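Report on one structure; see the data block that follows.
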Amino acid sequence: MTWSIVPLLFAGWFVNYLDRANIGFAALQMNQELGMGPEMFGFAAGIFYLGYILFEVPSNLMMHRFGARKWLARIMFTWGLVAIAIAFAQTPTQLVVGRILLGVVEAGFFPSVLYYLASWFPAKYLGKAIGQVFSANIIALVIGFPISGLIMSASHEVAGLSGWRWMMIIEGAPAVVLGVIAFFYIVDTPAKAKWLSGPERDWLIQALAAEHKAAEKVGTSSFKKALLTPLVWMLGITYFCMGVGFFGVSTWLPQVLKQMTHMSIIEIGLTGAIPFLLGAIAMILNGKHSDQTGERRWHLAVPMGIGAISLAASGLTSSMPLLSFVFICIAAAGIIGTFGVFWTLPATFLSGAGAAGGMALINAISGLAGFFAPWLIGVIRGHTPDFTMSLYALAIAVVGATLLGAFLPYPDSGKRALIKEVGLEA
């Protein structure tokens, strides 16, 4: 089942994150060409999440109505077209409009993928499956940084286009192709999977039905009730705080490295991949161990705390570039290492339409971090040129995620009795 489902979703999430995050690398050429300062760049990078947030929940509703095959294929195809179109922006305003539109057409992709995985994988295997798919966005940074640097260097001024424009075109095209493949390849439900034998199919359907029934007992399968559940909102705030740390680092890291080391574009690409490679490894290992032990809370809070401390340490050692970068690597491993574990939590008290709506709402709330973090660092850098204060600000946000992860009353071995206290009556 993993081989039949995960690779295509992995490829889609890989290209998805590459197309939304490559603006951080494009900035090395784009900012000067379009006449943008740090604050304007931070705004343009983050405004993507405005359209993403506004259309997140409606998009997931459409996915629940039309099925994963049609909706995921539509999302991939249209974001590929928009990503290519951004390459032809001539002004900051055109870039901002393109980024907003990219967010609109991408909205719902990740929660749809999560909902789809939860519709196939029993809880015992879900954390690992989510980690495998989610690692694609980290690997997109690991591979994407060097590839983006190579494309920008090798294609600059080819056919009269800047290297960053070629990068947008070349990295956007695969999404269009994946959209077509997804339409013909994805199977909506286990009942329709021809690659499962009869006994396998029956076992899987029964196992998932039992888990969904159990989730309804402590939570809800109602879309409306899920949106009104306090714990859903609190998980969204938790993920927002996690996202501030992640987006702050991933969006600005190329410029941090350029300021601290004066590397070439290709060298920045290779060096900048290291923190995200460590993060991908940490996420898979942490998710696998969490699945094996059945423990979620401390697999979330402890790595997050390490990430917060390391971000602050990176700021304290900013005058020593190598040591500061080592702490960024540790921070990335800590923060990214928790993502797969985090996304196992909604399925413990949400099912059906409630899971679709709840996951979309959590992702929509966290999407604010994608706007807030790049913009915040841009504002801070407008007042102080180095990144020390920026790293402190990111660390404070991750401390908030650590505390919420440790003490929120989500269902686990020690907190099931508290579910009714946060409004999760069946």
* **Pairs with Cβ under 9 Å, 6+ apart, first in segment 293-304 and aromatic (Phe, Trp, Tyr), second in a helix (DSSP H, G or I) and buried (at least 23 other Cβ atoms within 10 Å of the Cβ)** => 298/405
* All positions within segment 272-305 that are open to solvent by 30 Å² or more (accessible area, probe 1.4 Å), assigned to a helix (DSSP H, G or I) and not hydrophobic (A, V, I, L, M, F, W, C) -> 288, 289, 292, 293
* Asked: Based on what the data block shows, is residue 407 open to solvent by 60 Å² or more (accessible area, probe 1.4 Å) and modelled with pLDDT of 70 or more?
  -> yes
* Does segment 234-241 contain at least one residue that is over 16 Å from the mean Cα position of the chain (by Cα), closer than 23 Å to residue 362 by Cβ and assigned to a helix (DSSP H, G or I)? -> yes
* Asked: Restricting the first residue to segment 58-71 and requiring it to be farther than 12 Å from residue 359 by Cα and at pLDDT 80 or above, which pairs with a second residue that is aliphatic (A, V, I, L, M) and open to solvent by 40 Å² or more (accessible area, probe 1.4 Å) meet a Cβ separation below 7 Å and a spacing of at least six or different chains?
  -> 71/62
* Asked: Among the residues of segment 83-92, which ones are open to solvent by less than 40 Å² (accessible area, probe 1.4 Å), assigned to a helix (DSSP H, G or I) and in contact (Cβ under 8 Å) with a residue 60 or more places away in the chain?
  -> 83, 86
* Name the residues in segment 241-271 that are under 17 Å from residue 318 (Cα atoms) and open to solvent by 10 Å² or more (accessible area, probe 1.4 Å), would you? -> 249, 255, 256, 258, 259, 260, 261, 262, 263, 271
* To do: Report whether or not residue 369 is buried (at least 19 other Cβ atoms within 10 Å of the Cβ), part of a helix (DSSP H, G or I) and out of contact with any Phe, Trp or Tyr (no Cβ under 8 Å at 6 or more places or on another chain).
  => no
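The values are calculated or read from the model by the stated rules, or taken from the named source; none is laboratory data. Being a predicted model, the structure only gives us computed values, none of them experimental. Cβ sites come from the backbone with ideal geometry, for glycine too, and all protein chains shown count toward neighbours. Heads up: the accessible areas ignore ligands, DNA and RNA and are worked out on the full protein's heavy atoms, side chains in. Shrake-Rupley method; radii C 1.70, N 1.55, O 1.52, S 1.80 Å.
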